[in-house]
Amino acid sequence: MPSPVRTLEAVTPALAVTGLAKRYGAVEALGGVDLEVAPGELVGLLGPNGAGKSTLTKIACGLVRPTTGRVEICGAPAGSASARAVLGYLAELFRFPGWYRADELLDLHQRLAGSEGGEAERTELLELVGLADARGRRVEAMSKGMQQRLGIAQALVGSPRLLLLDEPTSALDPVGRRTVRALLEELRSRGVAVLLNSHLLSEVELVCDRVVIISRGRVVAAGTSAELARHGGVEVETADGVRAFPAATREDAPRIVAELVEAGERIYGVRVVASSLEEIYLAAVEGETG
C-alpha cells in the first residue's frame, strides 16, 4: 500500500494583516489593508504623511484597536502577551533618559521585557549595533546616530521574531546607514522579519526584499522593485552615441548587441532601462491622489 503523500506545512507569517480598517470618527485612517511579512523577510512600508502607516504600526503593537479586520504576530492576535513577547519596536521620535548609560538602558528594557539574557545579551546587542565601546557612556553624551543605534539594540532585547522600525536611519550619516543596513541583513540571516517604515527610498531599495506602498489608508502597490518597475527599453552605448530601443526588453539585449556588432558598431555599454523605486512610488501615490 503506497505511503501517504506528505505536504509541506504552511509557514506562519511573522506579520499577517487582514482587512484592517480604522476610523477616528469621520476620519478613515485605514480602509481595508491586507499584507504579510514572512519570517526573515525585510519589507519596506512606504507612503506619504497621513497615509496610515503609523496607525497600522500602532495596531500591530497593540496600542490601538482596529475598527474591523485583524492583525496577527507570528499567529497570535496583536496586543496579546504572546504577540508582545515576539515583537520588537522602535518609534521614530523615541526618547531615552539622558542620565542612563547604554548598558543600564538595555538592562532596564530587559527587565521590562522579561528577558533573561543578562549581560551576555547586552554585550551581543551593543556589538551588533556597533556600540561595544560605548557601553558605559550616558545617553546625553551620545550623538543622535549613536542614540538611534542604541534604540535598535533595545528593540532587539528578548530576541524578537518581528521588528517594527520607524525611520531607523533618519538621524544617521552614510556610515551609520551602512551599519544599519548590515545589521538588517544580519537579522534577515537569523530569520528575524522586519517591517521598515522609511522615507529614504534609496535605503529601502538597497535592503528590502519587497515594498508595500500605502496611500489614503489603502495598499496601492506591493511587490519587489523588479515586479513593480515599468520597463523603458534598452539603451546601447556605441562609438556614435547612445542608441535607444524603447520597445525592447531585457531578453532582447543580447540579440540587439549581436546585430550591432555584426553591422560593424563598437559597443561600450548596455543598459536595461527600468523605473527607480522613487518613480514607482510617485506613480503609485500620484495615481491614487490624482
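Data overview
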item	result
Lone qualifier among ASP133, ASP166, ASP107 - being surrounded by fewer than 18 Cβ atoms within 10 Å (Cβ to Cβ), of a type outside the set (A, V, I, L, M), on the phi < 0 side of the Ramachandran plot and out of contact with any helix residue (DSSP H, G or I) (no Cβ under 6 Å at 6 or more places or on another chain)	ASP133
The stretch 186-216, subset of a type in the set (Gly, Ala, Ser) and in contact with a helix residue (DSSP H, G or I) (Cβ under 8 Å, 6 or more places away or on another chain), residue modelled with the highest pLDDT	SER215
Residue within the stretch 10-23 that is of a type outside the set (A, V, I, L, M, F, W, C), under 21 Å from THR224 (Cα atoms) and surrounded by 18 or more Cβ atoms within 10 Å (Cβ to Cβ) present	yes
Tally of residues being among the hydroxyl-bearing types (Ser, Thr, Tyr) and outside any loop (DSSP other than H, G, I, E, B) across the stretch 235-284	3
Failed condition for SER170, given (1) more than 30 Å from ALA81 (Cα to Cα); (2) in contact with a strand residue (DSSP E or B) (Cβ under 9 Å, 6 or more places away or on another chain)	(2)
Of the criteria (1) closer than 16 Å to LEU195 by Cβ; (2) of a type in the set (A, V, I, L, M); (3) not in a helix (DSSP H, G or I), which one ILE59 fails	(3)
Which numbered condition ARG122 fails, given (1) of a type in the set (Lys, Arg); (2) modelled with pLDDT of 90 or more; (3) farther than 30 Å from ALA78 by Cβ	(3)
Of all residues making up the stretch 86-134, the number that are of a type outside the set (A, V, I, L, M), farther than 22 Å from GLY62 by Cβ and in contact with a Leu (Cβ under 6 Å, 6 or more places away or on another chain)	1
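The values are calculated or read from the model by the stated rules, or taken from the named source; none is laboratory data. These numbers come from a predicted model, not from an experiment. Here Cβ is always computed from backbone atoms with ideal geometry, including for glycine, and neighbour counts include all displayed protein chains.
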